[in-house]
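The values are calculated or read from the model by the stated rules, or taken from the named source; none is laboratory data. If you're wondering where the values come from, they're calculated on a predicted model, not measured in any experiment. Cβ sites come from the backbone with ideal geometry, for glycine too, and all protein chains shown count toward neighbours.
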Amino acid sequence: MNLRTLRIITGIVAIIATLCIIGAASVPAKEIVAIRMPGRYYSEPATVRIMIAVEPDSANRRLTVEADGDSFFRSSEYTLDGERGQRLHTVEFKNLPAGQYVVRAAVWSNADVRGSAQQVLTVGVPGELQH
């Protein structure tokens, strides 16, 4: 291997290493809570099953989940077992009337909110839903 080839290889390795470091620095930390829903549009009256993923942590004490619409509100609250807590929680909201809802999930410590997530879902009259 000649000196020119060695310099090219060294340069390529340096570029790849720099890109890896920059890429790793821009990756966000693990989310504490995430919402997973099978869809965003439902027919009235809607039963919506929501999966909430919670990253176990010793500070986690409580999970709140709510569906907040213009004329309808429903919420649920669950006790979390810190770092021994389960990761996945299923919440089911039944008989949601037509409207647009913001689904929120929040993980609480003893003192404040540690993390939150939200998504929008729409409940409409069958045949009138527009995507």
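Considering each residue of segment 68-87 in turn, at least one proves to be polar (S, T, N, Q) and under 16 Å from the mean Cα position of the chain (by Cα). All of Asn60, Asn95 fail the test of being touching a helix residue (DSSP H, G or I) at 6+ places or on another chain (Cβ under 6 Å), touching a residue at least 40 places away in the same chain (Cβ under 8 Å) and either farther than 17 Å from Ser116 by Cβ or in a loop (DSSP other than H, G, I, E, B) (or both), apart from Asn60. Residues in segment 101-119 that are of a type outside the set (S, T, N, Q), surrounded by fewer than 15 Cβ atoms within 10 Å (Cβ to Cβ) and modelled with pLDDT under 95: Ala111, Asp112, Val113. Return yes when Val27 is modelled with pLDDT under 95 and hydrophobic (A, V, I, L, M, F, W, C) and no when it is not. Yes.
In segment 122-131, the count of residues that are loosely packed, with under 15 Cβ neighbours inside 10 Å, in contact with a Lys or Arg (Cβ under 9 Å, 6 or more places away or on another chain) and not assigned by TED's automatic domain parsing to the domain that holds Arg62 is one or more. If the condition is being surrounded by 12 or more Cβ atoms within 10 Å (Cβ to Cβ) and among the polar types (S, T, N, Q), then segment 59-85 contributes Asn60, Thr64, Ser75, Ser76.
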